[in-house]
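Visitor: Pasting a structure below so you can have a look.
The values are calculated or read from the model by the stated rules, or taken from the named source; none is laboratory data. Bear in mind the structure is a predicted one, so any value in this text is a computation, not a measurement. We place every Cβ from the backbone using ideal geometry, glycine too, and count neighbours over all the protein chains shown. SASA here: full protein model, heavy atoms, side chains in, ligands and nucleic acids out. Shrake-Rupley method; radii C 1.70, N 1.55, O 1.52, S 1.80 Å.
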Amino acid sequence: MSARKKNQPLFRKKNQPGPVLKGFLLILLLIALVVIGFLLGEPLLSLFEGGKTPAVTPSPEPEVTDPIETEATTPPTTTEEEVTTTLPPEPEAPKNGMLRLSFEGSDDFSKSLNDAIAYALENNYQSISVELVANGGVIYFTTSNELAINCEAVAAGALSLNEIYSAIAQAGIIPYAEISALTDHIVSWVDKSICYLFEDSTSKWLDNSAAKGGKPWISAFSQSAKNYIGSFVTEISNAGFAGVIANDVIFPPFRNSDLNYIGDSVKSADRYTALAEFANSMHQALGSAKSFAVMVNAEDIIAQNAEVLNDTSLLTSKTVYVYFNSAELGDKIVRGDGTAVSFAGLSDYHKVKTVFKLVNEALKDKDVVIIPAIESAEPESLITALTEMGYNQQDVLVFK
């Protein structure tokens with residue numbers, strides 16, 4: 001073994017990498033840092049920007065498969081339309097009965113008719129009764145009756161029955177007619193066969209002296225009078241009206257001396273039969289398929305002066321309209337037995353109740369159907385009172 005040289009190190013130092021190798025390693029380090037920075041940069045950015053919320057890697061979308069039918073676990077959605085159809089219907093306003101129209105004093109019959117129809121629709125009336133033959137004998141339609149035409153009994157500007165009927169019916173309202181049966185003061189001046197005459201004479205009876213404006217009246221005993229009024233009823237029926245109300249089936253206000261002048265026909269205790277027969281002749285002219293009734297004043301019934309109702313078995317129609325007008329009635333009625341009933345201090349609401357209670361008592365033994373006919377500026381309270389008594393609101397006749 002050879003001796004070592006002086007000062008030679010015990011261990012040999014390793015060879016250090018050269019400059020080229022160091023440069024290559026530096027490049028690899030930089031590339032590694034860039035890659036690591038790219039991978040960690042977005043999560044770190046989300047961490048700082050999102051309030052330390054770590055990024056969530058979205059899960060892969062589930063595979064779409066065909067739907068499987070199963071029973072519904074939630075109630076079906078109800079549409080607005082379905083909710084509307086299941087709500088209970090609003091209650092209809094109660095129907096009113098019959099509205100009465102008079103052309104008296106009108107200078108425009110078309111306007112009066114249209115106004116009445118509009119009022120009836122607005123206030124829910126089922127029917128309209130038109131006064132076509134008025135008290136005193138004026139005719140409010142263009143009749144074909146030659147006697148009425150020749151005597152100028154037809155009102156100027158009157159409408160035809162077809163115009164009146166069509167206007168009412170086309171509005172969905174039922175047309176009726178009212179006729180004053182025995183109060184004519186027009187044709188009775190000309191045709192003596194229809195009016196009251198003095199017994200054994202051709203002189204007309206007047207309800208007062210001629211100097212004081214006395215007038216003749218149509219006679220309940222006259223066949224010519226039945227034919228005259230019956231012709232109007234037939235025209236009305238043929239025009240399509242649903243029925244007729246016969247008003248003023250009465251005798252004139254005879255004085256005692258008048259009874260002696262006219263004779264036995266008006267003095268007889270059973271003269272009321274002539275009134276029943278006259279009403280029946282009108283009913284016959286109308287036809288049994290139509291509605292027919294008589295109208296009687298409440299005061300006359302209570303005072304037992306409503307002679308047409310003396311024997312209701314004679315009447316072919318048992319329907320009676322009972323007319324009530326508080327102002328005309330006054331504060332007192334004298335009953336048939338002479339006792340008086342006072343209405344002093346009563347409101348119309350209580351007055352109409354009292355009057356119809358008396359009417360019911362007076363007609364309790366009569367085979368008739370009572371229907372109220374009321375005239376008032378404010379009929380609503382009267383209708384309320386009558387319905388409380390048991391009358392049907394849909395039957396009540398209201399004068400306009």
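Here is a yes/no grid of residues against (1) among the aliphatic types (A, V, I, L, M); (2) surrounded by fewer than 20 Cβ atoms within 10 Å (Cβ to Cβ); (3) more than 26 Å from L101 (Cα to Cα):
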residue: L329; (1), (2), (3): yes, yes, no
residue: A340; (1), (2), (3): yes, yes, yes
residue: K353; (1), (2), (3): no, yes, no
residue: K357; (1), (2), (3): no, yes, yes
residue: E361; (1), (2), (3): no, yes, yes
residue: D367; (1), (2), (3): no, yes, yes
residue: P372; (1), (2), (3): no, no, no
residue: E375; (1), (2), (3): no, yes, no
residue: T387; (1), (2), (3): no, yes, no
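Visitor: Oh, and also: Looking for whichever is β-branched (V, I, T) and out of contact with any strand residue (DSSP E or B) (no Cβ under 6 Å at 6 or more places or on another chain) here; the options are I262, I302, I245. Which one fits?
Guide: I262
Visitor: Let me ask another. Identify the single condition in (1) free of Cβ contacts under 8 Å to residues at least 12 places away in the same chain; (2) touching a helix residue (DSSP H, G or I) at 6+ places or on another chain (Cβ under 6 Å) that D365 does not satisfy, given that it satisfies every other one.
Guide: Among (1) free of Cβ contacts under 8 Å to residues at least 12 places away in the same chain; (2) touching a helix residue (DSSP H, G or I) at 6+ places or on another chain (Cβ under 6 Å), the lone unmet condition for D365 is (2).
Visitor: Moving to a separate point now. Report every pair of residues separated by at least 6 positions or lying on different chains whose Cβ atoms are under 7 Å apart, first residue within the stretch 335-360 and over 16 Å from M389 (Cβ atoms), second of a type in the set (K, R) and open to solvent by less than 70 Å² (accessible area, probe 1.4 Å).
Guide: Hits for this filter: F343/K351.
Visitor: Hey, does the stretch 217-237 have a residue that's in a strand (DSSP E or B) and in contact with an Asp or Glu (Cβ under 7 Å, 6 or more places away or on another chain)?
Guide: Looking through the stretch 217-237, at least one residue is in a strand (DSSP E or B) and in contact with an Asp or Glu (Cβ under 7 Å, 6 or more places away or on another chain).
Visitor: In the stretch 287-310, which residue that is farther than 26 Å from I236 by Cβ and among the polar types (S, T, N, Q) is least open to solvent (accessible area, probe 1.4 Å)?
Guide: N310
Visitor: Let me ask something additional. Identify all residues within the stretch 323-350 that are part of a loop (DSSP other than H, G, I, E, B) and either within 34 Å of the chain's Cα centre (by Cα) or not acidic (D, E) (or both); write none if there are none.
Guide: Selection gives G330, D331, R335, G336, G338, T339, F343, A344, G345, L346, S347.
Visitor: Identify, from the list S381, S347, the residue that is farther than 30 Å from T234 by Cβ, surrounded by fewer than 19 Cβ atoms within 10 Å (Cβ to Cβ) and touching a helix residue (DSSP H, G or I) at 6+ places or on another chain (Cβ under 6 Å).
Guide: After ruling out the rest, the residue left standing is S381.
Visitor: Among the residues of the stretch 114-133, count how many are under 21 Å from Y321 (Cβ atoms) and either within 16 Å of the chain's Cα centre (by Cα) or buried (at least 21 other Cβ atoms within 10 Å of the Cβ) (or both).
Guide: Here the count works out to 13.
Visitor: Give the stretch 205-218 a look and list any residue that's open to solvent by less than 50 Å² (accessible area, probe 1.4 Å), over 20 Å from V244 (Cα atoms) and in contact (Cβ under 8 Å) with a residue 12 or more places away in the chain, or say none.
Guide: The answer is W205, D207, P216, W217.
Visitor: Same structure again: Check off (1) open to solvent by 40 Å² or more (accessible area, probe 1.4 Å); (2) without any contact (Cβ under 8 Å) to a residue 60 or more places away in the chain; (3) more than 22 Å from V294 (Cα to Cα) for Y261 and give me the number that stays unchecked.
Guide: Here Y261 clears every test but (2).
Visitor: If you go through the stretch 209-223 one residue at a time, do you hit one that is at pLDDT 95 or above, closer than 23 Å to L309 by Cα and in contact with a Leu (Cβ under 6 Å, 6 or more places away or on another chain)?
Guide: The answer is yes; a qualifying residue exists.
Visitor: Identify all residues within the stretch 181-204 that are assigned to a loop (DSSP other than H, G, I, E, B), open to solvent by less than 30 Å² (accessible area, probe 1.4 Å) and among the β-branched types (V, I, T); write none if there are none.
Guide: Within the stretch 181-204, just T183 meets the criteria.
Visitor: Another one. Just to be sure I understand, how many residues within the stretch 233-258 are open to solvent by 60 Å² or more (accessible area, probe 1.4 Å), at pLDDT 95 or above and not hydrophobic (A, V, I, L, M, F, W, C)?
Guide: Total satisfying the criteria: 1.
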